[in-house]
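To keep things clear, I will list the structure first and then write my remarks on it.
Read the figures in this text as sums done on the coordinates, not as results from a lab. Just so it is clear, the structure is predicted and the values come from calculations on it, not from any experiment. Virtual Cβ from ideal backbone geometry, glycine too; neighbours counted across all protein chains shown.
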Amino acid sequence: MRDIFNGMPADQLGADGWEKPWSGPNGGSCVETKKVGGGRIAVRQSRDPSGPALICTTAAMAGFVEGAKNGLADFLL
């Protein structure tokens, strides 16, 4: 497996497999995610597909999603 690290150019992870679970209503600026193996998930900004990728564990992503569902990120709105 090639080295996958936080901040790497997201386009080095390939073009296939990216999903837009949090797409905006007009298809604009979106967060894209991709499973990259080893229990990790890559996150990137769709308007900058070669920009830096945030690499997190499946457990970290689950915690983020659960926290957002419980209102822990409401202060951002």
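Considered as a group, the residues in the range 35-77 that are part of a helix (DSSP H, G or I) and touching a Gly at 6+ places or on another chain (Cβ under 9 Å) include one that is nearest to Glu19 (Cα to Cα), and that residue is Thr58. Contact map, the range 1-21: first residue at negative phi, second residue among the basic types (Lys, Arg) and surrounded by 10 or more Cβ atoms within 10 Å (Cβ to Cβ), Cβ cut-off under 6 Å, separation 6 or more or different chains; pairs are Ala10/Arg44; Trp18/Lys34. Among residues of the range 28-47 that are at positive phi, those with a beta-carbon under 6 Å from a residue that is not in a loop (DSSP other than H, G, I, E, B) at least six positions away or on a different chain give the pairs Gly39/Thr57; Gly39/Thr58.
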